[in-house]
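What follows is a short report on a single structure.
The values are calculated or read from the model by the stated rules, or taken from the named source; none is laboratory data. Bear in mind that the values here come from a model prediction, so they are computed numbers and not experimental data. Here the Cβ positions follow ideal geometry from the backbone for every residue, glycine too, while neighbour counts run over all protein chains shown. To get the accessible areas, we keep the full protein, side chains included, count just its heavy atoms, and leave off ligands, DNA and RNA. Shrake-Rupley method; radii C 1.70, N 1.55, O 1.52, S 1.80 Å.
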Amino acid sequence: MNRFKAILERDLRKFIRNPLVVAMSVLMPVIYLVILGNSFQGELKRLPVAVVDQDNGPGAEKVMERLNALEAGPRTIETRKVSSQGFAMEGLKEGVFKGVIVIPPGFSRDLARGSVAEVGLFLDNAETIAAVAVQSSVTRAVSDLGREFVSVREERTAPHLRPIELYRKIDYDQTLIPGVVIMAIFLGAMTTGAFNIVMDRFLGVEESYFLTPLTKKDIVMGLVGSGLLITTIIAVVVLFLGSLISGIYLWSFIGIDTLLLILAVIVLSTLGLQGLMFVVMGRLNHPRIVGVLGGFLNVIFFFPSGAIYPVESFPAWLKAFAVVNPETYSVHALRALMFKGASLGAVKGDIVFLAVFAAVSVAAGTAAFKREL
Amino acid sequence: MYAIETENLVKKYGGLTALDGVSLKVPEGECFGLLGPNGAGKTTLIRILTTLIRPTSGRALVAGFDVAKEKASVRGAIGVVPQAMTSDLDLTGLELMDIYARFYDMGKKERRDRIDELLTMVGLRERAGDLVATYSGGMRRRLEIARGLVHRPSILILDEPTIGLDPQSRHVVWELLEKFRKADKLTILLTTHYMEEAESLSDHVAIIDYGRIVALDTVEGLKKQIPQKDTIELTVSNIDMGKAKEEVSAHSSVSSVAVNEATLIISVDNGANAIPELVDRLKSLGAKVTRVTLKEQTLEDVFIHFTGRPIREEEARKVSFLLGAGVPRQWGK
Ligand SMILES: Nc1ncnc2c1ncn2[C@@H]1O[C@H](COP(=O)(O)OP(=O)(O)OP(=O)(O)O)[C@@H](O)[C@H]1O
Ligand SMILES: [Mg+2]
């Protein structure tokens, strides 16, 4: 115990002697949050769409109503009424509009008769992602309309959209916070713990430790312990700082029990990754390899974790990886705890997985460690 | 009982035999010097004795414990100063010492007293609060010697303790080692490729070359084993050189004499003692001795005799050009 504490203290002392590293470990994930939040943007927003109304009937009015509702709600598109189709198409070509909706003459009549009423939609295929977003939201607006007119003709429902967000209204950069916290944990795990062994080996310092009665367990546990402490603190700071800059005040809606669960998820995720780093890097002796491997592993674990795109929409092989990826469980648990007010029951599975993963990886990391030159 | 005892130690790295059957016995309380050129296998031997690497075959006992089977006991009994500088640069001298002492489960008060004593002895007490990064090479060496002694080991093992130090710092280290040896009744094993170091510190010296012990004795004993003697050169006048040669050759400790113009080149045992007698003899024949030089036999002569080369010959360390030093050691050879 004494030896374990000595190793832990040595490592902590060395860490705080590098204040720049401390600051960077906190700041970098927060900067990631800002950059990711502003570059992916989640659902696309405010895509300009031109509407050419050649029908001027009640049906066209209904379509406009639907589109306006879309505009007011999820804000995927922003419509602009244009009288000339030619002008609208010109705008589409130039990129002023991401789509052009043409409501043809006779649309209201077709709708009233119950025959197929068609709305024309022209898309800018050069921007696939925007095109897909415009198409899906316009299709939804128009098909809803069709059904309402055909099947429940008499019912005058309010032209509001169904609420699509089931939970607190969450902005995209807020949904990224769990991912960014996990990234902070990954970066922390990568630059503490096992990395110190690689560094000591590179500098030849490890030799002097191996000469003492320190056991393999003392060394690995001491380094994992200090890494855990440092990384947990960084992750919590990133969690609060990240929340703050994306405009949510965690303390205003998170209770002490939720906070403890969040902490448990952070600690278990950190332990698991610390162990994993010992398995992967415990025998390396050059920091450059850690840099290369670390960058690679970060991407490998981060993107398939559901931090940015939902796991559900991955192809099967990637989904299979997501199932064994600890970060998937960390992200899921943090998201549930932060935004859905989940209790232990909802994240029990995640916590069990993370705990088992941590136990296995730390044990494997200790076993893989070579206490010899 | 011997402090260190090895029996036919062999260490192979792939096709390279770094140690080729080393058998040694170091009595308790002795200072034992291991002299060898670069790549001779000194560090390899030290690393086996200090449990850092496993021998391919053979056996070694350190403080009575088997280095392969009783590693923990060996580690508790020895203090080691490795060849490379191995202090954490971003700790202070005091922190480093304290953390090491805790590796040996020393109590708080015991640690404080011992560390204070050691830092005072190595002259680093005033700088104990500074980061090791700010120390000079000599200071770091002294700190490492103190670190190696923090748990009061009975055996101190040093691998090239003065490599890279200037002559003044080197002498400081030698004095320190003498001091500690007396104070702590230490057995010291040190490797070196400085003749002077081996000569001034060691009771026994082993010469190691290509992984083998090629000679082992006291410094005096080693010198006796080789035919090269001290060489005296006497430049004389007022005398027939043939007669002078005859007179000098008659002295009991002279083994051979050569003449070069007015100079007699005399091979002799214990030259310093022979000079006055030889000069007197020549003077009694009316000769005038105008110049005397003495070249004493050195350990270097011994070394050249046993290894066939001077000690400074460098041998490049092999590192794979493809992989550099960045992979587990086994792949990199
Ligand atoms: N890890 C290793 N892998 C392969 N070869 C090695 C390894 N360590 C040492 N050697 C080789 O073993 C031989 C002995 O090396 P060693 O370091 O013991 O020499 P040394 O006497 O300590 O030399 P120096 O005076 O340069 O320190 C050398 O030829 C060296 O290249
Ligand atoms: Mg060496």
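For this structure, a couple of remarks:
- Using the Karplus relation 6.51 cos²θ - 1.76 cosθ + 1.60 with θ = phi - 60°, the per-residue 3J(HN,Hα) values for segment B:212-221 come to 10, 7, 9, 7, 8, 5, 6, 4, 4, x Hz, with x marking Gly and Pro.
- Peptide B:81-89, shielding by other chains (average Cβ, 10 Å cutoff): 5
- Residues of type lysines that B:K243 reaches as a straight line, Cα spacing below 16 Å, ignoring anything fewer than 8 places off in the same chain: B:K283, B:K288
- Ranking B:V257, B:G123, A:I245 by how far each Cα lies toward the positive end of the dipole of the protein assembly as shown (charges on Cβ) leaves A:I245 at the top.
- Cβ-derived FRET efficiency at R0 30 Å, B:E28 paired with B:H171, nearest 0.05: 0.65
- Note that chain B presents 46 Å² accessible area per residue, ligands and nucleic acids not counted, probe 1.4 Å.
- Only Lys, Arg (+1) and Asp, Glu (-1) charged, at Cβ; the protein assembly as shown dipole about Cα centre in debye: 1260
- In terms of the mean number of neighbouring beta-carbon atoms within 10 Å, the peptides A:67-74, A:272-279, B:50-57, A:224-231 order highest first as A:272-279, A:224-231, B:50-57, A:67-74.
- Accessible surface of the protein assembly as shown [probe 1.4 Å, protein heavy atoms]: carbon and sulfur percent: 58
- Quotient of Cα Rg and 2.2 N^0.38 Å for the protein assembly as shown, N being how many residues it contains: 1.52
- Once both labels are positioned 7 Å from their Cα atoms along Cα-to-Cβ, the gap between B:D116 and A:M24 label points is 4.1 nm.
- Heavy-atom SASA rank of A:R13, B:R75 (probe 1.4 Å, accessible area, largest first): A:R13, B:R75
- Positions from segment A:208-238 whose accessible area shrinks by 40 Å² or more when the full protein complex is built, not the chain alone, probe 1.4 Å: A:S208, A:Y209, A:L211, A:T212, A:P213
- Residue by residue along B:64-71, Cβ atoms of other protein chains within 10 Å of the local Cβ number 1 on average.
- Kirkwood Rh, Cα atoms: Rg over Rh of chain B: 1.09
- Taking a straight Cα-Cα cut-off under 18 Å and skipping sequence neighbours fewer than 8 places away in the same chain, the lysines within cross-link reach of B:K12 are B:K42, B:K318, B:K333.
- Computed over protein heavy atoms with a 1.4 Å probe, the accessible surface of chain A works out to 47 Å² per residue.
- Rounded to whole Hz, the Karplus (6.51, -1.76, 1.60) HN-Hα couplings of segment B:257-264, x for glycine and proline: 9, 10, 10, 10, 6, 8, 10, 9
- In terms of the mean number of neighbouring beta-carbon atoms within 10 Å, the peptides A:99-107, B:283-291, B:164-172 order highest first as A:99-107, B:164-172, B:283-291.
- ³J(HN,Hα) computed for each position of segment A:246-255 - Karplus, 6.51 cos²θ - 1.76 cosθ + 1.60, integer Hz, glycine/proline x: 9, x, 10, 10, 3, 5, 7, 9, 10, x
- Interface size A-B, as summed buried accessible area [1.4 Å probe, Å², nearest 100]: 3100
- Segment B:E296-B:A68, length gained on full extension (0.36 nm per residue, minus Cα span): 77.7 nm
- Taking each residue as 0.36 nm, the span from A:Y309 to A:T215 lengthens on full extension beyond its C-alpha to C-alpha distance by 29.5 nm.
- Prolate/oblate/rounded call for segment B:6-87, Cα gyration tensor, a/c under 1.5 rounded: rounded
- Among the residues of B:105-115, the average count of other protein chain beta-carbon atoms within 10 Å of the residue beta-carbon is 1.
- Among the residues of segment A:1-28, those with an accessible-area drop of 50 Å² or more from chain alone to full protein complex, heavy atoms and 1.4 Å probe, are A:N2, A:R3, A:A6, A:K14, A:R17.
- Two-site label geometry, B:R59 and A:S343: point separation in nm, points 7 Å out along Cα→Cβ: 6.8
- FRET efficiency for A:A364 and B:T231, using Cβ-Cβ distance with R0 set to 60 Å, rounded to 0.05: 0.35
- The distance from the alpha carbon centre of segment A:323-351 to that of segment B:157-189 is 60 Å, rounded to a whole number.
- In nm, spacing of pseudo-spin labels at A:K45 and B:S249 (7 Å Cα→C-beta vector): 11.1
- Among B:241-253, B:111-123, the order from most to least packed when residues are scored by Cβ within 10 Å on average: B:111-123, B:241-253
- Measuring between alpha carbons in the structure, the pairs from A:K370/B:K11; A:K217/B:K109; B:K11/B:K71; B:K182/B:K229; A:K14/A:K216 lying more than 29 angstrom apart are B:K182/B:K229.
- Taking amide hydrogens as placed 1.01 Å from N in the peptide plane, the amide H of B:V122 sits under 5 Å from that of no residue at least 5 positions away in sequence or on another chain.
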